[in-house]
Amino acid sequence: MIDLYSVRMNNLEKQKNKFEQMGFVKFWLVSSLFFITFPFSLIYSLVFLGPYQTKEFILVLIKDYIQTLIIIFISLIVVIYFLYNYIISFFS
C-alpha cells in the first residue's frame, strides 16, 4: 500500500522554497508587513497559503532574524575592539 502522505511530503520537500528566492527588497517588504500585522498575518497565511508554506515562511523569517543578530553582534565586537585600541593609545 502506498502512503500518500509520505509521497506528498517527499514531493513538497523537493520543491524550492519560494521565500528564499525572493529579492532583498521584496522579502523586506513582506516580512515588515508580516511583523506589523502579526496575529492577523499569521492567520491569513495559514488560511490562504496553507500550513506548509506558512512553515517555510516562518523558517525563512527566523533564519533572516538570526543572520541579522549575528551581523549586529560581530559589528559591535569590531567597533568595541577598535574603540578600545583607540582609547588605550592615549594612555600609553
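Table: residues versus (1) among the aromatic types (Phe, Trp, Tyr); (2) touching a Leu at 6+ places or on another chain (Cβ under 6 Å).
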| site | (1), (2) |
| --- | --- |
| Ile36 | no, no |
| Ser45 | no, no |
| Thr54 | no, yes |
| Leu61 | no, no |
| Tyr65 | yes, no |
| Thr68 | no, no |
| Ile74 | no, no |
| Val79 | no, no |
| Phe91 | yes, no |
Would you mind telling me which numbered condition in (1) more than 15 Å from the chain's Cα centre (by Cα); (2) at pLDDT 85 or above; (3) exposed (fewer than 12 other Cβ atoms within 10 Å of the Cβ) Ser41 fails? (3)
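Output yes when any residue across region 67-89 is assigned to a helix (DSSP H, G or I) and touching a Phe, Trp or Tyr at 6+ places or on another chain (Cβ under 7 Å), and no when none is.
no
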Of all the residues that make up region 36-61, how many are among the aliphatic types (A, V, I, L, M), without any contact (Cβ under 8 Å) to a residue 12 or more places away in the chain and farther than 18 Å from Lys16 by Cβ? 4
If we ask which residues in region 22-34 are of a type outside the set (A, V, I, L, M) and either modelled with pLDDT of 85 or more or surrounded by 14 or more Cβ atoms within 10 Å (Cβ to Cβ) (or both), their number turns out to be 4
Which one is nearest to Phe34 (Cα to Cα), of the residues in region 45-92 that are polar (S, T, N, Q), surrounded by fewer than 10 Cβ atoms within 10 Å (Cβ to Cβ) and modelled with pLDDT under 90? Ser89
Consider only pairs whose beta carbons are under 7 Å apart and that are at least six residues apart or on different chains; among these, list those whose first residue lies in region 64-84 and is within 26 Å of Lys26 (Cβ to Cβ) and whose second residue is modelled with pLDDT under 95 and in a helix (DSSP H, G or I). Asp64/Ser31
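The values are calculated or read from the model by the stated rules, or taken from the named source; none is laboratory data. Bear in mind that the values here come from a model prediction, so they are computed numbers and not experimental data. Cβ atoms come from the backbone with ideal geometry, glycine included; neighbour counts cover every protein chain shown.
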